[in-house]
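The values are calculated or read from the model by the stated rules, or taken from the named source; none is laboratory data. Everything numeric here is computed off the predicted structure, so don't read it as measured data. All Cβ positions, even for glycine, are placed from backbone atoms using ideal geometry, and neighbour counts span all protein chains on display.
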Amino acid sequence: MKFGVVTFPGSNGDYDSYAAVRFAMKEKVEFLWHKSEDLQGCDAVILPGGFAHGDYLRAGAIARFSPIMKHVIKFAKSGGIVIGFCNGFQVLTESGLLPGALLRNNHLRFNSKFIYIRVERTDTPFTGVCRKGEVLKIPIAHGEGNYYNFESDVRKLEDNGQVLFRYADASGNASAAANPNGSINNIAGIVSAEGNVLGMMPHPERAVEDIIGSSDGLKVFESVLNYCISPKPVGRL
C-alpha cells in the first residue's frame, strides 16, 4: 500500500499527512510535487491542508490548474481513492470532483481548535473501521470552511448518503452550537457519488496520537488501508 501526498506552493499539511502515514501507520508514502506528471503508482492520493498558491482568487482556485491535478482527476474518475483535507477539500470542489463550495466562515474569523464530528455511514473506503454515529475528536484550522450548495443539491447529497461527517457535540448532537463555521446542515465532509473521493474540512492527519490530543483521525487512514488491501466494489452511493 502506498499513499501519495501532493505538495502545492503554500501547502502546510503535507508533512502532517506524510508523517501520519509513514510514522503512525507505518506505510509507504511519497511526496508528489504539484508540477509532476506522475502519481508514482500510489494507491491513494491525499490533497493536504494549507494555502495552495496563497489561496489567491479563492481557496483552491489556482491549485486546480496545477499539472498534477489532471492526473489526480483521471485517477479519481478511474475509481482511485482521493482524499482532500481542508484546503484539499477546497481544491476538490474547484476541480469538480466534489460538488459545492467552501465559503468564508460565517463569523468571518479563522478557527483553529478541536471539534467533534459524527460518522454518518460506515460502508465507505474512509469509514470502514468506524461505527455509525460514532463521534470523532478532530482539529480544524480554517477561515473558509463553510460548506455551501444549492438547497436542491444539498437534498441530493443527503438523499444519496454523500454526507459522511457532520459537526456535532461530544454526545453526537448536530446542533448549531457545534457548527464551527456555519456549514449548511452541519456538513463537515462529503464523498463523491461514486464513493471514492472524500473531502473534509477537519484534519484527521493531525489527530493520530493521543499525546497531541486525539488519535481518532487514524480511523480514516486505517479505513483507507483496509479498503485498498481488500477492496470492495464502490458503486454509486
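Look at the stretch 181-214 and say how many of its residues are touching a helix residue (DSSP H, G or I) at 6+ places or on another chain (Cβ under 8 Å) and part of a loop (DSSP other than H, G, I, E, B).
Result for the stretch 181-214: 7.
Checking the structure you have, find out if any residue of the stretch 25-34 is at pLDDT 95 or above, in contact with a Gly (Cβ under 6 Å, 6 or more places away or on another chain) and under 26 Å from E144 (Cβ atoms).
Taking the stretch 25-34 and keeping what is at pLDDT 95 or above, we get 25-34.
Of the ones still in play, those that are also in contact with a Gly (Cβ under 6 Å, 6 or more places away or on another chain) are 30, 32.
Filter once more, so that each one left must be under 26 Å from E144 (Cβ atoms): 32.
Checked the stretch 25-34: at least one residue is at pLDDT 95 or above, in contact with a Gly (Cβ under 6 Å, 6 or more places away or on another chain) and under 26 Å from E144 (Cβ atoms).
Does the stretch 114-145 hold any residues that are in contact with a Pro (Cβ under 6 Å, 6 or more places away or on another chain) and of a type outside the set (A, V, I, L, M, F, W, C), and which are they?
Answer for the stretch 114-145, where residues must be in contact with a Pro (Cβ under 6 Å, 6 or more places away or on another chain) and of a type outside the set (A, V, I, L, M, F, W, C): there is none.
So which of N186, N196, N173 is within 16 Å of the chain's Cα centre (by Cα) and without any contact (Cβ under 8 Å) to a residue 24 or more places away in the chain?
Just one listed residue meets the conditions, N186.
Restricting attention to the stretch 137-152, report how many residues are surrounded by fewer than 23 Cβ atoms within 10 Å (Cβ to Cβ), closer than 18 Å to A168 by Cα and not hydroxyl-bearing (S, T, Y).
So the count comes out to 4.
Would you be able to tell me the number of residues in the stretch 52-64 that are among the hydrophobic types (A, V, I, L, M, F, W, C), surrounded by fewer than 21 Cβ atoms within 10 Å (Cβ to Cβ) and either closer than 22 Å to P202 by Cβ or in contact with a His (Cβ under 9 Å, 6 or more places away or on another chain) (or both)?
Adding up the residues that qualify gives 2.
Kindly provide the set of residues from the stretch 1-36 that are out of contact with any Cys (no Cβ under 6 Å at 6 or more places or on another chain), over 24 Å from D55 (Cβ atoms) and of a type outside the set (F, W, Y), ordered by number.
Those that are out of contact with any Cys (no Cβ under 6 Å at 6 or more places or on another chain), over 24 Å from D55 (Cβ atoms) and of a type outside the set (F, W, Y): V21, R22, A24, M25, K26, E27, K28, V29, E30.
Check V91 against each of (1) within 16 Å of the chain's Cα centre (by Cα); (2) surrounded by fewer than 21 Cβ atoms within 10 Å (Cβ to Cβ); (3) more than 18 Å from P139 (Cβ to Cβ) and name the one condition it does not meet.
Going through the list (1) within 16 Å of the chain's Cα centre (by Cα); (2) surrounded by fewer than 21 Cβ atoms within 10 Å (Cβ to Cβ); (3) more than 18 Å from P139 (Cβ to Cβ), V91 breaks only (2).
Name the residue, out of A178, A193, that is closer than 24 Å to A59 by Cβ, surrounded by fewer than 18 Cβ atoms within 10 Å (Cβ to Cβ), at pLDDT 95 or above and small (G, A, S).
Values: A178 fails: surrounded by fewer than 18 Cβ atoms within 10 Å (Cβ to Cβ).
Every option except A193 fails the conditions.
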